[in-house]
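So the structure is just underneath, and the comments pick up after that.
The values are calculated or read from the model by the stated rules, or taken from the named source; none is laboratory data. Given the structure is predicted, the values throughout are model-derived calculations rather than measurements. As a convention, Cβ positions derive from the backbone with ideal geometry for all residues, glycine included, and neighbour counts pool all protein chains shown.
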Amino acid sequence: MQPAAMTAAEIHHTILAVWRVEQPRLITSLSRMLRDVPLAEDLTQEALVAALEHWPATGIPEKPGAWLMATAKRRALDHLRRGRMLAHKHEMVARDMEQQEQAMPDLDSALDDDIGDEMLRLVFTACHPRLSREARVALALRMICGLTTEEIARAFLAPEATIAQRILRAKRTLSESGLAYETPRGEELSERLASVLEVIYLIFNEGYTAARGEDWLRPQLCNEALRMGRVITSIAAQEPEAQGLLALMELNASRHAARTDAAGEPVLMRDQNRALWDQLQIRRGMQALRRACELGGVGGFYALQAAIVACHAQASTPDDTDWPRISELYAELATLVRSPVIELNRAVAVGMAEGAEAGLAIVDGLAHEPALKAYHLLPSVRGDLLHRLGRYDEAQAAFEAAAALAGNARERNLLKRRAAEAAGATKS
């Protein structure tokens, strides 16, 4: 594409969009070659900088992923040649890479070479027990999802500076300790499994409702999380939480086609065309949930959430939804994990099961929760409950506050529309 055909802003936006998709592929490919995850991540960042420098002048390449891969590989070779890495391992890696470069003219094929297994291997490497639990997840989200430090901070409801330090320390630990780039087995797999499941869960969540950007959904992240979840249940078949997570993702993903309209705008669950829900995926999710229960995981973190989603999946209409059961499941989940976000979700269920006043009482009790100070869904849920109570002025103010906090453009537009609806109800 010629640069004259696009403005500088459009080229910059395109580069970042391409980067979102290609970053994890680049890191996994370079990690496989270098056996050094932090170095691979640094080199992919250098490839991004090169694209930002060159593409505005030359235009977007026909195969941008291949361009980024070739650039990153050249920088990896330069690093190995000029640096202090004279050990035999690095000499052999450099020689192998040179041979691959000569024998592999199709860089698109290189990008997709066994990429699925490598992606999961990268997650396991990032989730090494020598790293703290928080650092493992933050590092994996940075490398696999391409999330910014700000976006990861929002996922954790933590300060951005805290997340930046976690990622920096994690990369330093990986670099200095020479941890193996591998998929572990046996006890080593079990040690890392909880963190790996958490990473997959957060990857799926970011794809299911993107924290930032112009699109409400990032399907490629949902699909990647589902693929890794299916692989995990094959290599850890007796782990109930692995089955519970897979059930949760399958059931949530079954609604994908109904969650946006033709223009890409969000459609709330109560307004979705349930004929578009994927019944095959619902059956797969229910099967995984039954398997989790059979393995003794009925009260697990992911299995409980899957059971909540199953209540929605089994309701043919919104009015058929078993809200009392969902409320009970959220209460059980809240005893398992103390989280203001879980309590906020429980407020929604209580509001549907017992009335908006009961739900609003829970929400108002969360008003001064520090972790929810900048969380847009707190005023959003409050606005919905107020709207149902006919307190339209307050509902409008709540939706406007939620819109101001929302990082995703589509979600922000939805909240603005809801504020306008409340304003219209006030006038009528």
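With the requirement that a residue be assigned to a helix (DSSP H, G or I) and farther than 23 Å from Leu377 by Cα, what does segment 138-148 give you? The answer is Leu139, Ala140, Arg142, Met143, Ile144.
Of the residues that sit in segment 149-163 and are small (Gly, Ala, Ser), at pLDDT below 85 and part of a helix (DSSP H, G or I), which one is surrounded by the fewest Cβ atoms within 10 Å (Cβ to Cβ)? Applying the filter and picking the extreme gives Ala155. Residue pairs whose Cβ atoms lie under 7 Å apart, sitting 6 or more positions apart in sequence or on different chains, and linking a residue in segment 309-323 that is over 16 Å from Glu250 (Cα atoms) to a partner that is assigned to a helix (DSSP H, G or I) and at pLDDT below 95, are Pro318/Arg270. The residue that is farthest from His13 (Cα to Cα), among those in segment 211-231 that are at pLDDT 85 or above and surrounded by 24 or more Cβ atoms within 10 Å (Cβ to Cβ), is Gly229. Restricting the first member to segment 332-357 and to residues that are charged (D, E, K, R), and the second to residues that are not in a helix (DSSP H, G or I), the beta-carbon pairs closer than 9 Å and six or more apart or on different chains are Glu332/Gly299; Glu343/Leu366; Glu343/Glu369; Glu357/Leu389.
Look through Arg290, Arg284 and report the one residue that is over 20 Å from the mean Cα position of the chain (by Cα), over 28 Å from Leu415 (Cβ atoms) and loosely packed, with under 15 Cβ neighbours inside 10 Å.
Numbers: Arg284 fails: loosely packed, with under 15 Cβ neighbours inside 10 Å.
Step by step, each of Arg290, Arg284 is checked, and only Arg290 is over 20 Å from the mean Cα position of the chain (by Cα), over 28 Å from Leu415 (Cβ atoms) and loosely packed, with under 15 Cβ neighbours inside 10 Å.
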